[in-house]
Every structure is written in C-alpha cells, then in structure tokens.
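What follows is a short report on a single structure.
The values are calculated or read from the model by the stated rules, or taken from the named source; none is laboratory data. Predicted model, so just to flag it, every value in this text is computed and none were measured. Please note: Cβ atoms are built from the backbone with ideal geometry, for glycine as well, and neighbour counts cover all protein chains shown.
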Amino acid sequence: MTDRLSLLDSGTGTPLVLLHAFPLAARMWQRQLAELPGPDGTRARVLAPDLRGFGGAPQGDEAPSLDLLADDVARLLDRAGVERAVVGGLSMGGYVAMAFARRHGDRLSGLLLADTKATPDTGQARDNRERIARAVLARDSVQLLLDEQLPHPQLSAVTARERPEVVRQVRELMAQASPAAVAWAQRAMAARGDSLEVLAQVAVPALVVVGEEDAITPLADARAMTEVLADAELHTIPGAGHLTALEDPAAFNAAARSLLARTAAEPGTPPQG
Ligand code: MLT
C-alpha cells in the first residue's frame, strides 16, 4: 500500500508526531508547528500528518481501523527517516497514538495523550457513532456534526464566549471534513478496544493533558491513563474544553515542551536534526 498521509513538518531536534482530533486535520496543530519550543529553546521538530480521508489525504479502500492509521504513522516515520519519536495525539489522535504504542512500541521515545481515553466505547456510544456515520453519508453533508458539537461539547464555555477565532477555526476545519472520512473514522473508533493494558506496558516518559472543562473525555479518563502509565505526568488546562491545543496553545505547548525535556534526558534517546 502507498503512503496515505500528507504531512506538515517543522523545526529541529527530537521529533514529536502530533495526531489530530476527529473530524479535524493536521492544520489544527498550527500553533504547535509554529511555536512549540524544544528543550534547548529552538523550535521543536513537529510532524503533523493528515490521517486518512482528512485534510485532503486519500481515504483508501481498507475497512475502518485505528490500527491501520497507526501503521500509516509508522510508514510516515520510515519516510521521514525517523527511527524513534515522541508520539502524541488529541482525542481520536490519542486513540491512534495508543494503537501505535501497541503495534510499534519500540519506536516510541515518549507518549503524549491529550483529551483522550484508553477505554472502549459503550454500546450506546457505538450506536451513536453508527447513527452519525449513516446520517452524514445519507445527506452527503457533515452539517449534523457542526450542529451537534459546536461550541458545546467540543469547546469550553470560556472559549465559546471569549475566543471567537478558535470557534471559527474549529468550525472551518470541521466543515471541510468529507462525509466518507467522518463515517470511516466513526466506525474505526467504534471498533477500538481497551488500551489500559497497553499503557501499562509503556516505559517511556508520558504526558497526559486534559482541559478542565473537557466534556467528551473528562479528567477522570485522564487520571485513569496517568495511573497505569509507569512514568506519566498529568497536566490540566483551566478554561479549556476538549480541544486544549487550540483553546490554549501556550499552555499546551509549555506542557509538551516539558515532555520533550524529559525524553531528551532519557539515556539512549538519539539526537535527531
Ligand atoms: C475527537 O475529538 O477526536 C473525538 O471526540 C473522539 C471521539 O469521538 O471519541
């Protein structure tokens, strides 16, 4: 199979792969690509792929599966000449990061899990995903998602009230998602299993980030992941909802930088330019 991911790549140093949320695209990481400082103060190297079907990346015809996305990320690292990386993701991106940890754990030098959870869907959540998948395909439109998800439950009350540019940006990103990609990703997420045992095997430094007002993957989910990881720090971001990296990029970047510093201090972390 050919590469399915398109890529935004910036900066130098230990590579940090950032995997986007549903139903957004790599462009959600603009402020991380442009501003995230590495441990030495220069701009960190951030690799932000568009996952299949999103941001113009080809969908392919494989059945929906987050494992497939994790394998896409491994191929992307091959293509970029990166052996090991800090891999992070927000929400759906976090699910993919956990699938990557399970399937390609030897390539991880750190793990960043933002506004995500390690537990699988309940039956009700699965049914809701199938309802959305069918509706967007039948209507050939993702308007339903905009109506049901913005500003709440995606964004905090503070963001909805005081950060109109963030609301606008998320609305634009969501509106650009294709119905086929939305349906594929909903079905892939519905099929995911429990990742708590995977996290229990992760020995590299980890960071768990959560918006204090995250209504989709709240603090309890973040705590559950932090507790099973061997070397994890939990960072909560006040005033942010589910999309911390967009709602408070400065706070998100400071937390991510602290993870890069921890991974750089690990013995055996290869310097990469
Ligand atoms: C996301 O932001 O990626 C979604 O909320 C994930 C999900 O639907 O579980």
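Every residue, every condition in (1) among the basic types (Lys, Arg); (2) more than 24 Å from residue 213 (Cβ to Cβ); (3) in contact with a Phe, Trp or Tyr (Cβ under 9 Å, 6 or more places away or on another chain); (4) within 16 Å of the ligand (Cβ to nearest atom), yes or no:
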position	(1), (2), (3), (4)
88	no, no, no, yes
97	no, no, no, yes
104	no, yes, no, no
123	no, yes, no, yes
126	yes, yes, no, yes
129	yes, no, no, yes
139	yes, yes, no, no
143	no, yes, no, no
149	no, no, no, yes
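Does residue 204 fit the bill of being of a type outside the set (Asp, Glu), surrounded by 17 or more Cβ atoms within 10 Å (Cβ to Cβ) and farther than 15 Å from residue 117 by Cβ? Spell out the reasoning first.
Values: of a type outside the set (Asp, Glu): yes; surrounded by 17 or more Cβ atoms within 10 Å (Cβ to Cβ): yes; farther than 15 Å from residue 117 by Cβ: yes.
It is true that residue 204 is of a type outside the set (Asp, Glu), surrounded by 17 or more Cβ atoms within 10 Å (Cβ to Cβ) and farther than 15 Å from residue 117 by Cβ.
So in the stretch 160-171, with the set limited to residues that are in contact with a helix residue (DSSP H, G or I) (Cβ under 7 Å, 6 or more places away or on another chain) and either without any contact (Cβ under 8 Å) to a residue 40 or more places away in the chain or away from the ligand (no atom under 14 Å from the Cβ) (or both), which one is farthest from residue 183 (Cα to Cα)? Walk me through it before giving the result.
Looking only at the stretch 160-171, we keep the residues that are in contact with a helix residue (DSSP H, G or I) (Cβ under 7 Å, 6 or more places away or on another chain), and these are 160, 163, 166-167, 169-171.
Checking which are either without any contact (Cβ under 8 Å) to a residue 40 or more places away in the chain or away from the ligand (no atom under 14 Å from the Cβ) (or both) leaves us with 160, 163, 166-167, 169, 171.
Details: 160: 27, 163: 29, 166: 25, 167: 23, 169: 22, 171: 18 Å.
Within the stretch 160-171, the match that is farthest from residue 183 (Cα to Cα) is 163.
Just to be sure, is residue 118 under 24 Å from residue 208 (Cβ atoms), in contact (Cβ under 8 Å) with a residue 40 or more places away in the chain and away from the ligand (no atom under 15 Å from the Cβ)? It would help to see each step written out before you state the result.
Details: under 24 Å from residue 208 (Cβ atoms): yes; in contact (Cβ under 8 Å) with a residue 40 or more places away in the chain: yes; away from the ligand (no atom under 15 Å from the Cβ): no.
No.
Among the candidates 44, 57, 63, which residue alone is part of a loop (DSSP other than H, G, I, E, B) and buried (at least 20 other Cβ atoms within 10 Å of the Cβ)?
57
Filter the stretch 154-185 down to the residues that are more than 24 Å from residue 50 (Cβ to Cβ) and of a type outside the set (Lys, Arg), then identify the one that is surrounded by the most Cβ atoms within 10 Å (Cβ to Cβ).
Per the criteria, the residue is 156.
Are any residues in the stretch 202-221 small (Gly, Ala, Ser) and in a helix (DSSP H, G or I), and if so, which ones?
Result: 220, single match.
Being touching a Phe, Trp or Tyr at 6+ places or on another chain (Cβ under 8 Å), modelled with pLDDT of 95 or more and more than 16 Å from the ligand (Cβ to nearest atom) is true for just one of 25, 63, 70, 74. Which residue is that?
74
Can you tell me which of 197, 247 is charged (D, E, K, R) and either within 23 Å of residue 51 (Cα to Cα) or within 15 Å of the chain's Cα centre (by Cα) (or both)?
Checking each option against the conditions leaves just 247.
Kindly indicate the residue of the stretch 192-201 that is surrounded by 18 or more Cβ atoms within 10 Å (Cβ to Cβ) and not in a helix (DSSP H, G or I) and also nearest to the ligand (Cβ to nearest atom) among those meeting that condition.
Filtering first and then ranking leaves 192.
What number of residues in the stretch 223-245 are crowded, with 23+ Cβ neighbours inside 10 Å and out of contact with any Asp or Glu (no Cβ under 8 Å at 6 or more places or on another chain)?
Initially, the stretch 223-245 is screened for residues crowded, with 23+ Cβ neighbours inside 10 Å, giving 225, 229, 237, 240-245.
With out of contact with any Asp or Glu (no Cβ under 8 Å at 6 or more places or on another chain) added as a condition, the list becomes 225, 229, 245.
So the answer is 3.
Quick one: would you say residue 32 is more than 14 Å from the ligand (Cβ to nearest atom), of a type in the set (S, T, N, Q), surrounded by 23 or more Cβ atoms within 10 Å (Cβ to Cβ) and at pLDDT 90 or above?
yes
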